[in-house]
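Before any comments, here is the structure.
Just so it is clear, none of the values below were taken in a lab; they were calculated from the coordinates. What you see is a predicted model; the values in this text were computed from it and never measured. All Cβ positions, glycine included, derive from the backbone under ideal geometry; neighbour counts span all protein chains shown.
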Amino acid sequence: MKTPAFPAFTVLLLSFSMLVPHAAGATASIPTEGESWDHSTITIQIMPASGQYWFNPSFTTDVSKAVQRWTESIIVFTDSYGFRYLRQLRYTIYVTGFNQTLNPDISISFVQSDPSFVGVTKFVYPTADNYFQTVTTQLATFDSSNTRQLTDVDMENVAMHEFGHALGLDHAVSPVTSDNFLELMFKDYGQAIGGPNNFVQEPSTLDLYALATIYSWLPGNAPATGLPRTLSLTLPPGIPYSVSVPYSAQITSYKATVDQLNLRVLVLAILVIVLFACAVALAIRSSRRKPPTLPTPQYPTQPSIEPGPVNTLAELHRSSDIRLCISLSPMSAIAW
């Protein structure tokens with residue numbers, strides 16, 4: 001039986017919807033709580049507030065998803081950077097009203113709201129051997145003003161954050177990772193509670209590396225004392241400060257991207273077909289139109305030549321004789 005040195009240590013998670021820009025890469029560090037579990041299979045008892053008007057039954061599922069999210073992120077992290085012994089951390093979940101365990105390691109309950117937190121984790125801190133005895137977590141279903149209820153996404157995020165404390169992590173220094181995602185273990189909740197567009201957050205590589213450090217004994221047996229509190233644990237070279245998205249979420253994201261791309265291609269194809277049909281219709285209409293009738297050219301009229309009086313044949317002969325006489329006898333003509 002372990003003897004506590006102090007009665008309790010409380011970790012708060014407040015709601016804070018606006019984050020100040022932060023140089024994440026330069027200040028990526030996280031303290032540890034100074035306690036961890038001395039066994040790899042951790043039992044969890046979820047106690048729904050069934051029958052309470054402020055409790056959404058789906059919150060129970062959200063908490064179970066939060067625990068599973070850590071497991072899936074550990075798989076992605078260890079596939080990329082090693083520390084595969086971290087996969088030995090396993091969790092057995094019980095839900096009051098369905099199944100029960102007498103001595104759970106972590107007990108999770110719900111309250112309607114609290115003016116100072118939306119999630120709180122309490123545990124004996126520190127014990128002489130730096131190992132947890134029991135941990136209790138409370139999750140609020142409304143914000144601190146008791147006006148906005150948490151969505152399922154909010155509840156999953158808050159539960160993931162508090163579960164990180166229950167594994168031995170303190171608050172990360174930076175509110176965002178180097179790839180500009182919200183740091184799950186930052187002290188404030190970076191989304192507006194109840195927001196319709198809120199998204200599920202993921203543990204970061206910094207959070208998971210810290211767990212790998214805390215539970216580095218997992219390939220063997222737990223030592224007599226656990227890792228003491230570390231004030232500034234940083235990532236080693238070669239591990240970027242980023243979120244560790246579970247494979248299932250990656251597939252969903254890729255599918256959504258492909259579906260969006262396919263939709264854009266479909267819209268573009270329809271637009272091209274419509275434009276082509278319009279061009280064909282205009283061409284057919286133009287081919288059926290009669291060519292315009294060209295005007296008949298107008299030429300200037302020539303003045304008509306009126307025929308003179310027709311002389312008789314005798315007159316023509318006489319005229320010729322006279323002309324001939326005049327031509328042959330010019331003198332006679334002059335004498336006359």
- Once a ≥ b ≥ c are taken as the square roots of the eigenvalues of the Cα gyration tensor of the range 9-261, is the result rounded (a/c under 1.5), prolate (a/b larger than b/c) or oblate (a/b not larger than b/c)? rounded
- Message: Using +1 at the C-beta of Lys and Arg and -1 at the C-beta of Asp and Glu, which of Thr141, Leu233, Thr41 has the Cα lying farthest in the positive direction of the dipole of the range 9-261?
- Response: Thr41
- Message: Taking amide H atoms as placed 1.01 Å from N in the peptide plane, list the residues 5 or more away in sequence, or in a different chain, whose amide H sits under 5 Å from that of Tyr131.
- Response: Ser36, Gly226
- Spin-label proximity, Thr61 to the range 132-171 - amide N less than 16 Å from point 7 Å beyond Cα toward beta carbon: 151-157
- Note on the structure: Here the FRET efficiency for Leu271 versus Gln68, based on Cβ atoms and R0 = 56 Å and rounded to 0.05, is 0.80
- DSSP beta bridges in the range 9-261, what fraction antiparallel, as a percent rounded to 5? 45 percent
- Query: Which net charge results for the neighbourhood of Leu218, defined as the other residues with beta-carbon distances under 12 angstrom from its beta-carbon, given Lys and Arg at +1 and Asp and Glu at -1?
  - Reply: +2
- Task: Specify whether the C-alpha gyration tensor of the range 113-266 places it in the rounded, prolate or oblate class, a ≥ b ≥ c being the square roots of the eigenvalues: rounded for a/c under 1.5, otherwise prolate if a/b is larger than b/c and oblate if not.
- Result: oblate
- Relative packing of peptides 170-178, 142-150 - highest average C-beta neighbours within 10 Å first: 170-178, 142-150
- Starting from the amide H of Ala172, placed 1.01 Å from N in the peptide plane, find each other amide H under 5 Å away whose residue is 5 or more places distant or on another chain. Met185, Phe186, Lys187
- With only Lys, Arg, Asp and Glu charged, each at its Cβ (+1 for the first two, -1 for the last two), find how big the charge dipole of the range 9-261 is about the Cα centre; round to the nearest 20 debye. 220 debye
- Query: If we sort 57-66, 277-286, 224-233 on the protection proxy, mean other Cβ atoms within 10 Å, highest first, what's the order?
  - Reply: 57-66, 224-233, 277-286
- Note on the structure: Gyration tensor on Cα atoms of the range 82-133, a ≥ b ≥ c root eigenvalues, a/c under 1.5 rounded, else prolate if a/b beats b/c, else oblate, says oblate
